[in-house]
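Asker: Before I ask anything, here is the structure I am working with.
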Amino acid sequence: MDQYIGKMLNDRYEILDVLGVGGMAVVYKAKCHRLNRLVAVKILKPELAADPEIRSRFHDESKAVGMMNHPNIVNVFDVNQDGDIDYFVMELVEGITLKQYIKKRGGVLNWREALHFSTQIMQALGHAHSRGIVHRDIKPQNIMVLRDGSVKVADFGIARIADSQRTMTKEALGSVHYISPEQAKGSEVDERSDIYSAGVVLYEMLTGRLPYEGDTPVAVAVQHINSIPLAPRELNPEIPRGMEQIIMKAMAQDRELRYPDAEAMLSDLEAFRKDPAIVFDYQDPWMLTELPEVTPYQPEEVEVNSASTEEDEEEDEEETGGGKRTAFIIGGVILAILLVIFLIFRMLWATLFAGIFDSGEVYTVPDLRGLTYTEAEEYIFTTDELNGHFTVTISEETVYDATYDVGEIVSQDPESGTSTKGDVTEITVVLCAEPEEETELVMPDIVGKDYTEWASTLSEDYHVTVKYNPQYSSDYDEGLIISTDPVAGTTLTEGQTVTLTYSRGEKVTTTTMVSLYGMTENKAKETIEELGLTTGTVTTVTSSETAGTVVFQSVKSGAEVELGTTVNLQISSGPQPEDPEPEVEEEPETDEQETENNNTNHTNHNDDDEDETHTIVVTMPSGRTATSTISIRVNGVNYYSATVPADQSQVSVEYKGTIESLEVLVDGSSYSEYTVQ
């Protein structure tokens with residue numbers, strides 16, 4: 001088991017589970033008890049935390065990243081340390097990495113998806129670069145794809161530290177495929193290094209391959225510096241020319257030939273989105289800008305008569321020129337005839353021959369409304385009767401519709417149920433937008449959803465005052481909304497009070513007893529009250545333990561007992577002081593004195609019984625299929641009560657002092673199967 005699971009950092013973040021392990025840190029799922037929400041906690045590995053310089057850089061970089069706020073960047077909430085544990089807290093993103101998404105989609109994305117993701121990545125980088133932050137480790141493993149098709153770039157805070165510590169080992173192979181040439185050389189990096197890495201990610205999305213491969217990180221790094229990658233269209237001819245130009249410009253080895261900043265690359269991505277047939281007018285940075293001079297071919301000199309030479313040249317020129325013109329005219333006529341034939345054939349194919357060679361198979365357009373873009377793509381990809389016959393394209397238009405959540409598909413073209421035949425059909429979808437300020441807001445249907453998330457949404461987006469009404473519920477898990485006031489569909493006004501009734505979980509009727517040993521009497525009583533139990537008799541006994549501390553509790557630590565159960569305590573009064581014995585002359589004992597001493601010794605022995613510890617062992621009835629309640633009364637006082645599981649065969653209870661009477665009850669009935677030791 002991981003050493004941090006179950007640990008509470010700074011009395012606030014409870015570590016629940018491991019989410020992932022990287023070269024620099026381990027990411028955990030955790031619960032923030034102060035805000036009652038789930039978060040992700042990234043803990044710097046101990047071997048790195050031992051370096052003061054790395055620790056300092058870790059905190060400085062993480063705090064800088066915490067100042068960023070962008071929808072395509074994983075938010076950092078807190079940067080802290082607990083003893084020798086250095087960590088930062090970020091939002092818990094529900095999704096998969098872009099690397100996993102590419103693999104899930106068969107290894108290659110269509111250019112529309114790649115454009116959709118790349119635009120968001122560059123928007124995130126543009127935001128970071130504007131604040132002087134360079135990521136240094138852009139790769140699909142650091143990009144999260146959410147269910148609504150949006151992406152979030154992660155690991156800004158730790159990238160610079162990793163960059164300074166990175167060595168060309170096998171562990172670095174995952175990152176070295178995406179590093180810029182200047183990183184591979186160990187030179188200073190800037191925002192153009194991130195642009196290079198983003199270009200490699202785009203290359204991989206569209207071709208299904210990395211531009212450079214090798215058996216070792218060093219071999220890959222050398223290729224980034226010295227090699228020329230295959231053009232994307234050589235690997236995937238369906239990639240539009242304009243998209244290929246964007247990739248190759250972003251991946252230029254000379255950073256001066258790359259995009260100067262994220263905004264410039266975003267501008268080309270936007271131009272391509274508007275016109276996928278665009279061809280940019282800049283030169284491919286991978287082509288030579290200066291070609292070597294070529295010496296013209298010089299034939300050997302031949303002595304000829306000058307007069308005849310002039311005549312021959314004139315005849316040759318006339319014949320050559322006339323021949324070229326004739327050939328050009330004939331070629332043009334042939335091309336015109338072929339073009340006419342092609343147009344006629346195409347018209348006939350579209351009318352008379354339509355359907356002759358068609359398989360006749362008809363496909364029905366699916367209903368994608370209510371799905372996110374990613375869900376729609378996955379649905380089409382994984383449904384056998386749809387796979388290969390439809391693609392999804394996001395429309396530039398977005399509309400607000402209260403029926404749908406933001407990012408869900410509101411409408412589609414062609415509509416669901418439409419029959420299509422033959423080639424792949426493109427379905428253009430319109431996504432639900434954020435509500436505009438002037439749009440009438442209505443209470444959403446949020447019953448069964450997490451109250452903390454919706455309390456924040458209602459307060460920030462709907463501008464209402466949120467009040468809480470926690471209730472016990474066996475129908476809803478803890479933290480889920482049971483009902484709202486007003487109900488769903490009601491028009492909301494700014495400043496209005498909305499009450500969320502949420503579940504506290506099932507009402508607790510039992511509690512687990514804790515150890516009170518060593519506590520002061522007041523502290524023990526407070527603890528008993530906090531557990532929902534009742535303090536019973538409190539007696540003082542002689543003990544070697546510290547005076548005033550608990551030395552015995554009637555309900556054992558770890559026992560599951562009903563609320564209100566009485567807990568009896570024994571408090572130490574400290575050790576019994578020893579009285580000095582007077583020095584007397586010993587005289588021979590008479591028979592009467594010996595008898596008296598024996599009686600005295602017997603009396604003292606009975607007094608010692610008050611300090612003796614007795615163990616009461618109850619053998620539970622056999623064949624039980626349910627829990628039982630046991631009560632033990634000592635000297636007429638209820639001394640011990642507990643709920644005993646069906647699989648527990650015995651109950652052992654200690655009692656310190658004299659036992660004059662003892663009664664055991666199991667499920668309310670007197671029970672005699674017990675012994676006292």
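Asker: Run the numbers for T613 and D51: contour at 0.36 nm per residue of separation, minus the present Cα-Cα distance, in nm.
Answerer: 196.9 nm
Asker: Kindly identify region 1-82 as rounded, prolate or oblate by the Cα gyration tensor criterion: order the square roots of the eigenvalues as a ≥ b ≥ c, call it rounded if a/c is under 1.5, otherwise compare a/b with b/c, prolate if a/b is larger, else oblate. Intermediate values should be presented prior to the final figure.
Answerer: On the way: a/c = 1.55, a/b = 1.05, b/c = 1.48.
Verdict is oblate for region 1-82.
Asker: Heavy-atom accessible area per residue, region 484-541, 1.4 Å probe: how many Å²?
Answerer: Solvent-accessible surface per residue comes out at 57 Å².
Asker: Let me ask something else about it. What is the spin-label model distance, in nm, from N522 to E396 if the labels are put 7 Å beyond Cα along the C-beta direction?
Answerer: Roughly 7.4 nm, to one decimal.
Asker: Next question, about the same structure. Roughly how many nanometres apart are two label points built 7 Å out from the Cα toward the Cβ at D485 and L230?
Answerer: Distance between the two pseudo-spin positions: 6.8 nm.
Asker: I'd like the carbon and sulfur percentage of the solvent accessible area for region 6-135, probe radius 1.4 Å, heavy atoms only, ligands and nucleic acids excluded. Could you put the intermediate results ahead of the total?
Answerer: Numbers: 2830 of 5860 Å².
The value for region 6-135 is 48 percent carbon and sulfur by accessible area.
Asker: Label V222 and K103 with points 7 Å out from Cα along Cα→Cβ: what is the distance between them in nm?
Answerer: My value for the distance between the label points is 2.9 nm.
Asker: List the chymotrypsin sites (Phe, Trp or Tyr not before Pro) within region 429-497 that fall in a DSSP loop (any state other than H, G, I, E or B) and whose Cβ has at most 14 other Cβ atoms within 10 Å.
Answerer: Y472
Asker: Please give the solvent-accessible surface of D485 in Å², to the nearest 10, using a probe radius of 1.4 Å with every protein chain present.
Answerer: 100 Å²
Asker: Still on this model: Which of the lysines could a cross-linker bridge to K103, judged by Cα under 17 Å and excluding same-chain residues fewer than eight apart?
Answerer: K139
Asker: Continuing with this model, one more query. How much accessible area per residue does region 170-226 have, in Å², with a 1.4 Å probe? Please list the in-between numbers first.
Answerer: Working: 2060 Å² over 57 residues.
In whole numbers, region 170-226 has 36 Å² accessible per residue.
Asker: Given R₀ = 60 Å, FRET efficiency for F280-S515 by Cβ-Cβ distance, to 0.05?
Answerer: 0.20
Asker: Between D367 and S670, what length in nm is gained on full extension when 0.36 nm per residue of separation is reduced by their alpha carbon distance?
Answerer: 102.3 nm
Asker: Still on this structure: Once you have the Cα-Cα distance between T493 and T425, take 0.36 nm times their residue separation minus that, and quote the gain in nm to one decimal.
Answerer: 20.1 nm
Asker: Any chance you could look up the accessible area of T491 with a 1.4 Å probe, heavy atoms only, rounded to 10 Å²?
Answerer: Here the accessible area works out near 60 Å².
Asker: Related question: Hey, which lysines would be in cross-link range of K274, C-alpha to C-alpha under 25 Å, not counting anything within fewer than 8 residues on its own chain?
Answerer: Counting by Cα, and skipping residues close in sequence, K274 has these lysines nearby: K152, K249.
The values are calculated or read from the model by the stated rules, or taken from the named source; none is laboratory data. Bear in mind that the values here come from a model prediction, so they are computed numbers and not experimental data. Quick reminder, even Gly has a Cβ in these numbers, built from the backbone with ideal geometry, and neighbours come from all protein chains shown. These accessible areas exclude ligands, DNA and RNA; they are computed on the full protein's heavy atoms, side chains included. Shrake-Rupley method; radii C 1.70, N 1.55, O 1.52, S 1.80 Å.
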